[in-house]
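Q: Okay, here's the structure, questions in a sec.
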Amino acid sequence: DAGVTQSPTHLIKTRGQQVTLRCSPKSGHDTVSWYQQALGQGPQFIFQYYEEEERQRGNFPDRFSGHQFPNYSSELNVNALLLGDSALYLCASSLAGPFGTDTQYFGPGTRLTVL
Amino acid sequence: GQQVMQIPQYQHVQEGEDFTTYCNSSTTLSNIQWYKQRPGGHPVFLIQLVKSGEVKKQKRLTFQFGEAKKNSSLHITATQTTDVGTYFCAGNQRSQGNLIFGKGTKLSVKP
């Protein structure tokens, strides 16, 4: 039973570029949440997808967008990259009802460096 | 908005000593979850507490959820070098799907 997988593992981009990160949830899970973890900080919630729709969003600008596919996998897109977007991007999956409060299982993350 | 504070930020202990990290939320929580993140790794789920006053144990780890469901603690008895890492609490409010993480407590254990 595969856990949460993310790709790529590492990514280096320059300011102004766009990036797409991918996540496959744990088998049987239907909800995907994305978090940004800056160095030395706790993960910060970006948004959550359920039934292919953004169900909740944290305090992140519109440059951050996402998508969930019918197979529950998800993408995180970031446009017009800034130096401050450098971070570990974590995907977490859960099996949730309407409010998504079930235990979240994290993937290994994508380390994004913006130069 | 909702905030989750965690103290201490760092804790250095001698192997065999006990360790405790504390978590406080500005609002009442539906549940609280604890995660451990090893250096260079990702958060790994440890436990979820749901009931007021709940206490759960996992071997040398004891987790507590406050009566008011606004605070929580993690206590490790007789630390080992394998306990090294950052311990995060993450709160969840009713009807909210996202987790609000504390900043974590980084534990180092001297052999």
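The values are calculated or read from the model by the stated rules, or taken from the named source; none is laboratory data. This structure is a prediction, so every number in the text was calculated from the model and none was measured. A quick note on method: Cβ atoms are made from the backbone with ideal geometry, for glycine too, and the neighbour counts reach across all protein chains shown. For the accessible areas, the whole protein counts, side chains as well, though only heavy atoms, and no ligand, DNA or RNA atoms are used. Shrake-Rupley method; radii C 1.70, N 1.55, O 1.52, S 1.80 Å.
Q: Return the total of residues in segment A:37-54 being crowded, with 21+ Cβ neighbours inside 10 Å and either in a strand (DSSP E or B) or in contact with a helix residue (DSSP H, G or I) (Cβ under 6 Å, 6 or more places away or on another chain) (or both).
A: Kept after step one, since they are crowded, with 21+ Cβ neighbours inside 10 Å, are these residues of segment A:37-54: A:37, A:42-43, A:45-50.
Now drop any that are not either in a strand (DSSP E or B) or in contact with a helix residue (DSSP H, G or I) (Cβ under 6 Å, 6 or more places away or on another chain) (or both), which leaves A:37, A:45-50.
Of the residues in that region, 7 qualify.
Q: Quick one: in segment B:2-27, which of the residues that are at pLDDT 95 or above and either acidic (Asp, Glu) or assigned to a loop (DSSP other than H, G, I, E, B) (or both) is most open to solvent (accessible area, probe 1.4 Å)?
A: The selected residue is B:Gln9.
Q: Further, regarding this structure: Only residues that are assigned to a strand (DSSP E or B), open to solvent by less than 40 Å² (accessible area, probe 1.4 Å) and without any contact (Cβ under 8 Å) to a residue 24 or more places away in the chain: list them for segment B:56-88, please. Full working, then the answer.
A: Residues of segment B:56-88 that are assigned to a strand (DSSP E or B), as a first pass: B:56-58, B:61-65, B:71-76, B:85-88.
Next, from what is left, pick out any that are open to solvent by less than 40 Å² (accessible area, probe 1.4 Å): B:61-63, B:65, B:72-74, B:76, B:85-88.
Those that are assigned to a strand (DSSP E or B), open to solvent by less than 40 Å² (accessible area, probe 1.4 Å) and without any contact (Cβ under 8 Å) to a residue 24 or more places away in the chain: B:Leu61, B:Thr62.
Q: Check off (1) acidic (Asp, Glu); (2) more than 10 Å from chain B (Cβ to nearest Cβ); (3) open to solvent by 20 Å² or more (accessible area, probe 1.4 Å) for A:Asp85 and give me the number that stays unchecked.
A: With (1) acidic (Asp, Glu); (2) more than 10 Å from chain B (Cβ to nearest Cβ); (3) open to solvent by 20 Å² or more (accessible area, probe 1.4 Å) applied to A:Asp85, the lone miss is (3).
Q: Within segment A:51-70, is there a residue that is in contact (Cβ under 8 Å) with a residue 60 or more places away in the chain and either within 14 Å of chain B (Cβ to nearest Cβ) or over 15 Å from the mean Cα position of the chain (by Cα) (or both)?
A: From segment A:51-70, those in contact (Cβ under 8 Å) with a residue 60 or more places away in the chain are none; that's our starting set.
Taking every residue of segment A:51-70 in turn, none turns out to be in contact (Cβ under 8 Å) with a residue 60 or more places away in the chain and either within 14 Å of chain B (Cβ to nearest Cβ) or over 15 Å from the mean Cα position of the chain (by Cα) (or both).
Q: Also, I was wondering about something else. Of all residues in segment B:61-111, which are among the β-branched types (Val, Ile, Thr) and within 14 Å of chain A (Cβ to nearest Cβ)? Reasoning before the result, please.
A: Here is the first cut: in segment B:61-111, the residues among the β-branched types (Val, Ile, Thr) are B:62, B:76-77, B:79, B:81-82, B:84, B:86, B:100, B:105, B:109.
Matches in segment B:61-111: B:Thr86, B:Ile100, B:Thr105.
Q: A follow-up question, please. Using the structure shown, decide if A:Arg57 is farther than 24 Å from B:Trp34 by Cα and of a type outside the set (Asp, Glu). Don't jump to the end; show me each part of the working.
A: Values: farther than 24 Å from B:Trp34 by Cα: no; of a type outside the set (Asp, Glu): yes.
Considered against the rule, which asks whether it is farther than 24 Å from B:Trp34 by Cα and of a type outside the set (Asp, Glu), A:Arg57 comes out as no.
Q: Residue by residue through segment A:4-34, note down the ones that are free of Cβ contacts under 8 Å to residues at least 60 places away in the same chain and either outside any strand (DSSP E or B) or open to solvent by less than 20 Å² (accessible area, probe 1.4 Å) (or both).
A: A:Ser27, A:Trp34
Q: Being in contact (Cβ under 8 Å) with a residue 60 or more places away in the chain, assigned to a loop (DSSP other than H, G, I, E, B) and at the interface with chain B (Cβ under 10 Å from one of its Cβ atoms) narrows it down to one of A:Ala96, A:Ala80, so name that one. Write out each step before concluding.
A: Details: A:Ala80 fails: at the interface with chain B (Cβ under 10 Å from one of its Cβ atoms).
The unique qualifying residue is A:Ala96.
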